[in-house]
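S.K.: Once you've had a glance at the structure underneath, I'll fire off some questions.
Values in this text are rule-based calculations from the coordinates and carry no lab data. What you see is a predicted model; the values in this text were computed from it and never measured. Counting neighbours? That spans all protein chains shown, and the Cβs are built from the backbone with ideal geometry, glycine included.
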């Protein structure tokens, strides 16, 4: 018997719904992004995001069901991102999911957005365990071991800023528009790693740290400006990106050596970075490990990954009731 | 058939069912988290009457003004039910709902923590101008004859909306009134 899950994602500035079959096959995916609106303000404005989700929600549902050529009655469950993210935005998706669940007598499955990013890989190829999962996004930088479905052990995480946050702040400091991460990457392609920036945590732990690196960029820009030296923006973008990503590579290498695991999943918005991908590919080749990164469509926020992550919970019968609330932060472990 | 009434605009969570143009059953909860109790309250309402969503022929939702998140929860759920079950939705602001208790031109105010939402209505209960918000400080200076009221009469709401047009679910929107930081 096939299982169809209608999944909803509204944790930040994308309203998305998807129909996913057996946790692995995307039957339909509908996404509206608010990026252009927030670009005017230089970042996501939470209240505006919530308002736009409210306007979009029924349109996205209609589009998703039309593309799937299915009805809500055909679904086996309703899944929704409940955390982490912007509270007001999450709430739009969660209330919509709850009322769908009540109206159509379908079980409700609450999904952690970060776990969704890991399971996005299941839409490409069935996840095999054990694996290492590196989560790199605007709110998270962490390295985990997964022994089985939903079995997580954290090796390490950032002690301060997330890597995506550092990309965005550095972008702002050197005058690049929102969204900062992709713009740094674009500019870095034209530059050389010719500035001196400190390498974060150079030890044998799995800790990450990005606030020192970010501050070093801010100080560098400040000092050079004081001295009247122009900033070579593309070189600074390149140097920053290299240092930030080399640090991820070093920690993953440590994990390969220490755990003997031969499989790496990279999840979260920063996994769209090409330099990250190519460096991790080299590393995985060196350790004869398998590298899993979903295509860009499934790297960025989307509901298909939520449907994929909901499936193991569906099989185990882990359902939520209608008192389900949202949470801006939520740890995987 | 029944009409579902939804009001989540501020701290009071209020849902009700109309039958034959009168309130048949209502549930009010004060001091609860809307996000945790709202859907359960709708479920409770339907179960107490032994009916389903297919027994609904209309939805009335209070679309503000009030707490942004509170209003939004009510509007999102109304939109979803209206869209999925093809049920017409009618909206009313809480200020207009209050104005139905008064038969003359009136200025109605509802307070929140920091100030008051205000609407001016003519004798037919139609809004004159726009809704606006005065902070407590601005309110002290304002020399206005505001009627501060809190409790609406549901039967009057039903009667007023009876001949009004419904709004397609896609286009039902909250009234926000208060400015947010980036608008200032």
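S.K.: Test of understanding: ordering A:205, A:3, B:3, A:141 by Cβ neighbours within 10 Å, fewest first, what list do you get?
M.R.: Ranked by crowding around the Cβ, least crowded first: A:205, A:3, B:3, A:141.
S.K.: Can you tell me the FRET efficiency between residue A:154 and residue A:3 if r is taken as the Cβ-Cβ distance and R0 is 30 Å, rounded to the nearest 0.05?
M.R.: 0.50
S.K.: Quick check: from the Cα gyration tensor, does region A:128-293 come out rounded (a/c under 1.5), prolate or oblate?
M.R.: prolate
S.K.: Shifting gears a bit: Using packing as a proxy for protection, rank B:125-137, A:10-22, B:163-175 so that the peptide with the highest average count of other Cβ atoms within 10 Å comes first.
M.R.: Ranked by mean Cβ neighbours within 10 Å, highest first: A:10-22, B:163-175, B:125-137.
S.K.: Using the number of other C-beta atoms within 10 angstrom as an exposure proxy, rank B:93, B:57 with the fewest first.
M.R.: B:57, B:93
S.K.: Taking only the alpha-carbon atoms of the protein assembly as shown, what semi-axes of the equivalent ellipsoid follow from 5 times the gyration tensor eigenvalues under a square root, in whole Å, largest first?
M.R.: The equivalent ellipsoid of the protein assembly as shown has semi-axes of 47, 30, 17 Å.
S.K.: Counting only helical runs of four or more DSSP H residues, what would the 222 nm mean residue ellipticity of the protein assembly as shown come to if each run contributes -39,500 (n - 2.57) and the total is spread over all its residues?
M.R.: One gets -12000 deg cm²/dmol as the mean residue ellipticity at 222 nm.
S.K.: Can you give me the Rg/Rh ratio for region A:53-106, using Cα atoms for both radii and the Kirkwood formula for Rh?
M.R.: Using only Cα positions, Rg/Rh for region A:53-106 is 0.97.
S.K.: What's the FRET efficiency of residue B:181 with residue B:48 using the Cβ-Cβ distance as r and R₀ = 45 Å, to the nearest 0.05?
M.R.: In this case the efficiency is close to 0.60.
S.K.: Under 10 °C and 1.306 mPa s, how fast does region B:105-178 diffuse according to Stokes-Einstein, given a Kirkwood radius computed over C-alpha pairs? Answer in µm²/s, whole number.
M.R.: 112 µm²/s
S.K.: How long are the semi-axes of the ellipsoid equivalent to region A:1-157, from square roots of 5 times the Cα gyration tensor eigenvalues, in whole Å, largest first?
M.R.: For region A:1-157, the ellipsoid semi-axes come out as 25, 23, 13 Å.
S.K.: Next question, about the same structure. Which semi-axes, in whole Å and largest first, does the equivalent ellipsoid of region B:2-183 have when worked out from the alpha carbon gyration tensor as the square roots of 5 times its eigenvalues?
M.R.: So the three semi-axes of region B:2-183 are 28, 18, 15 Å.
S.K.: Let me ask something else. Considering every residue in B:31-41, what mean count of other chain Cβ atoms within 10 Å of its Cβ is obtained?
M.R.: Mean shielding count: 4.
S.K.: Please figure out what share of the DSSP beta bridges in the protein assembly as shown is antiparallel and state it in percent, rounded to the nearest 5.
M.R.: In the protein assembly as shown, DSSP labels about 65 percent of beta bridges as antiparallel.
S.K.: When Cβ neighbours within 10 Å are restricted to other protein chains, what is their mean count per residue of peptide B:173-181?
M.R.: Average per residue, whole number: 2.
S.K.: Here's a follow-up. What does the average come to when, for each residue of peptide A:87-96, you count the partner chain Cβ atoms lying within 10 Å of its Cβ?
M.R.: What the average comes to for A:87-96 is 4.
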